[in-house]
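Reviewing the structure listed below.
The values are calculated or read from the model by the stated rules, or taken from the named source; none is laboratory data. The model shown is predicted, which means the values in this text are computed figures rather than measured ones. Cβ sites come from the backbone with ideal geometry, for glycine too, and all protein chains shown count toward neighbours.
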Amino acid sequence: MLNPGTILGNRYEIVEEIGSGGMAIVYKAKDYKLHRMVAIKVLRKEYASDEVVLAKFQKEALAAASLSHNNIVGVYDLGQEKDVYYIIMEYIDGITLKEYIRRRDTMSSEEILKISLKIADALRVAHANHIIHRDIKPQNIMVTQKGAVKVTDFGIAKAATSTTMTNHMDTMGSVHYFSPEQARGGFVDVRSDLYSLGITMYEMATKRLPFNGDTPVSVAMQQIHDPMPNPRKENAALWPGLAAIIRRLTQKRPELRYQSADELMADLRKVYVDHDYIVPLPAQVDEETPYGEPPRRQDVHPAPPKRPVPETEEDEEEERKPDTAAKKKKILIFSACGAAVLIIALVLIFSFVLRQAKSNLIPSLTGYTLEEAQDKVSGLKITVEVERQEYSDEYDAGKITGQDPAVNTEAVEGSVIKVVLSMGKRQVDKVPDVTNLTYAGAVKALVDAGLPYTVETRADETVAMGTVISQDPVKDTDLTEGTIVTIYVSTGTGETLIEVPDLTTMTEDQAKEELTQRKLTIGTVSESYHDSVEKGKIIAQGTEKGAKVMEGTAVDVTVSLGTLDAETVGKDGGNIILTSPFSKNDTGSKLLTIQATDKDGKMTELYNKTVTAATFGSQGGISVAYPRGTVVIKVFLDNSPVLTRNVNE
């Protein structure tokens with residue numbers, strides 16, 4: 001267990017424990033390089049010595065980091081410090097779906113369907129990237145205060161399967177959601193995740209689990225053999241169509257379930273329109289056990305005996321001899337020619353495959369600008385995305401200093417290369433003096449110098465409240481890699497700190513007034529597009545609500561610019577023309593994603609690239625085609641929704 005104040009990777013400060021499971025403990029932490037809150041999942045020490053678990057844990061965490069979706073908790077990084085192995089993840093201000101179910105008296109069918117649709121969409125993206133979750137359960141699904149649904153823990157379940165089956169069930173605490181094939185310790189594919197989603201939907205509908213027992217093994221045996229209870233017996237208000245979907249998801253045999261998340265999502269959308277729509281089941285489903293009925297016996301008929309293979313006569317075949325020596329010679333010549341042709345063909349094929357393999361390897365992007373890097377990999381059909389920016393003594397500002405995946409890794413079509421972008425050399429090479437400055441002034445000086453910092457408070461009768469008493473390292477200390485400056489701020493004679501209010505949905509003026517009343521100030525005001533927050537209202541704040549800070553602290557805010565300007569040309573197929581989201585002198589970059597949804601609810605990704613102002617050209621816009629049958633187009637910038645457009649209106 002890590003104590004608050006522990007620093008990992010010279011960057012992340014542990015704030016508090018926010019969750020734990022059989023394999024890992026989750027902490028809330030401060031990221032001092034990017035000045036944001038993150039979640040850190042730390043592998044329990046009993047697994048840190050298991051090389052097989054570690055290898056799988058690291059491999060699967062890296063695979064999960066490649067997933068980018070609104071309903072998936074982002075994985076930023078993977079790290080190790082001595083015997084501490086950890087994953088840096090997106091911090092979600094919310095509760096688990098398990099807790100959400102517990103707090104609600106009942107969940108309506110509409111709410112169950114909408115949450116299920118979001119989970120299924122997350123699985124759709126993961127499965128398309130050949131990642132199976134293996135541990136779908138309410139404990140691994142987060143619900144934010146604004147109702148967003150996020151699936152977490154992609155990859156960690158596979159790491160656990162290197163232990164025995166009983167160990168795995170005890171450790172993960174997941175046997176209640178296991179598919180029958182998981183309970184047997186058999187082969188697992190995407191349909192196993194869908195089964196677990198079915199159990200989760202049952203729990204949302206009934207507030208209880210379908211199978212219970214005194215031991216994990218007894219529950220596993222029920223998953224394999226016992227009929228699935230009908231959720232409508234526990235919740236008569238549940239839509240019949242939703243109950244039918246749960247039934248199909250939880251079939252014992254994988255081939256009788258939904259075969260993909262896309263297939264499930266299509267039926268969920270049909271039931272949303274027609275609550276009594278009963279999904280068609282495969283013809284073989286009659287062999288399955290219906291809700292609540294005992295399994296039917298089947299007569300087993302022995303297979304007919306096989307007829308013996310007749311024996312050949314002794315004097316046949318083996319006594320046959322070649323007619324002449326000439327025939328032997330011809331056979332030898334033809335065999336030699338055939339072998340030579342085969343060898344040449346194999347050499348040519350091997351050479352071609354080798355050339356193809358080399359051409360499909362990720363090149364080095366170090367030293368290139370973002371646009372140059374994107375051009376360099378355009379033929380591989382992959383995109384380049386900025387993960388973070390760092391100071392560099394070697395590379396000029398705007399040049400790439402590192403990348404993930406590494407050079408010569410096989411390029412996967414549609415994947416993303418995450419790069420580190422140089423901010424140039426630090427403007428200072430020694431620690432500045434921030435003593436006797438106000439807290440806000442000290443923070444500004446450290447941020448301007450590009451230095452991460454931590455804050456400690458101390459009561460001091462001789463130093464005014466909010467003033468820096470001392471610092472560590474002291475002024476003029478030579479900067480080294482990973483230097484973090486700790487400032488000690490006076491609280492006067494008492495320990496009074498001020499709680500930061502929730503500024504979201506306020507205007508900038510309202511936020512200023514609210515902060516002034518609390519003896520706080522407004523900091524940097526940035527702007528961003530958003531499809532659901534009206535123009536002029538605050539979308540996000542730099543210091544989270546509820547945080548305790550010193551008097552005079554500046555709180556940064558992001559104000560909505562409203563929806564992104566766009567024009568659609570054509571109804572049944574056409575183009576969407578987007579206005580540039582960048583200001584004239586903006587040199588930054590954003591991840592632009594455009595999705596089209598048809599009348600059956602099928603979503604197609606039209607565009608997913610990192611863009612800059614130059615991408616939009618001198619005309620200040622780009623045009624992207626959308627297919628016939630499109631009903632709704634959604635646009636995201638850095639995974640935040642900025643436009644939803646119904647093209648039929």
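The table that follows gives values for the structure above.
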| read-out | value |
| --- | --- |
| Matching option when the condition is surrounded by fewer than 16 Cβ atoms within 10 Å (Cβ to Cβ) and either in contact with a strand residue (DSSP E or B) (Cβ under 6 Å, 6 or more places away or on another chain) or within 25 Å of K535 (Cα to Cα) (or both), among A613, A625 | A625 |
| Single unsatisfied condition, N10 versus (1) part of a loop (DSSP other than H, G, I, E, B); (2) modelled with pLDDT of 90 or more | (2) |
| Residue list for the stretch 563-578, filter: of a type outside the set (D, E, K, R) and surrounded by fewer than 16 Cβ atoms within 10 Å (Cβ to Cβ) | V569, G570, G573, N575, I577 |
| Meets criteria (in a strand (DSSP E or B), under 30 Å from D502 (Cβ atoms), of a type outside the set (A, V, I, L, M) and free of Cβ contacts under 8 Å to residues at least 60 places away in the same chain) for G546 | no |
| Matching residues, the stretch 470-483, being modelled with pLDDT of 80 or more, on the phi < 0 side of the Ramachandran plot and surrounded by fewer than 17 Cβ atoms within 10 Å (Cβ to Cβ) | D472, P473, V474, K475, T477 |
| Output for the stretch 246-277, where each listed residue is under 13 Å from G198 (Cβ atoms) and either in a loop (DSSP other than H, G, I, E, B) or in contact (Cβ under 8 Å) with a residue 60 or more places away in the chain (or both) | T250, Q251, K252, P254, R257, Y258, A261, L264, L268 |
| Extreme residue, surrounded by the fewest Cβ atoms within 10 Å (Cβ to Cβ), among residues of the stretch 97-139 that are in a helix (DSSP H, G or I), of a type in the set (V, I, T) and in contact (Cβ under 8 Å) with a residue 60 or more places away in the chain | I101 |
| Of residues in the stretch 574-625 being within 27 Å of the chain's Cα centre (by Cα), among the β-branched types (V, I, T) and in a strand (DSSP E or B), the one nearest to V273 (Cα to Cα) | T597 |
| Failed condition for M221, given (1) assigned to a helix (DSSP H, G or I); (2) under 26 Å from D276 (Cα atoms) | (2) |
| Enumeration of residues in the stretch 528-567 that are within 30 Å of M465 (Cβ to Cβ) and in contact with a helix residue (DSSP H, G or I) (Cβ under 9 Å, 6 or more places away or on another chain) | I538, Q541, V549, M550, E551, G552, T553, A554, V555, V557 |
| Residue count for the stretch 62-96, restricted to those that are assigned to a helix (DSSP H, G or I) and in contact with an Asp or Glu (Cβ under 9 Å, 6 or more places away or on another chain) | 3 |
| Subset of the stretch 394-418 that is among the hydrophobic types (A, V, I, L, M, F, W, C) and part of a strand (DSSP E or B) - its residue that is modelled with the highest pLDDT | I400 |
| Conditions (1) within 41 Å of the chain's Cα centre (by Cα); (2) modelled with pLDDT of 80 or more: number failed by D460 | (1) |
| Test: residue in the stretch 380-393 that is part of a loop (DSSP other than H, G, I, E, B) and at pLDDT 80 or above | yes |
| Residues within the stretch 62-104 that are under 19 Å from A406 (Cβ atoms) and among the aromatic types (F, W, Y), tallied | 1 |
| Residue match in the stretch 495-516 (condition: surrounded by 13 or more Cβ atoms within 10 Å (Cβ to Cβ) and among the basic types (K, R)) | yes |
| Those residues of the stretch 374-409 which are closer than 24 Å to Y607 by Cβ and exposed (fewer than 13 other Cβ atoms within 10 Å of the Cβ), in sequence order | D375, S378, G379, K381 |
| Which numbered condition I88 fails, given (1) buried (at least 17 other Cβ atoms within 10 Å of the Cβ); (2) on the phi > 0 side of the Ramachandran plot; (3) not hydroxyl-bearing (S, T, Y) | (2) |
| Filtered residues of the stretch 568-597 (kept if within 14 Å of I633 (Cα to Cα) and at pLDDT 85 or above) | G574, N575, I576, I577, L578, L592, T593, I594, Q595, A596, T597 |
| Near pairs, Cβ below 8 angstrom, 6+ apart or cross-chain, from the stretch 48-63 (modelled with pLDDT under 70) to any residue that is of a type in the set (K, R) | K56/K158; E60/K158 |
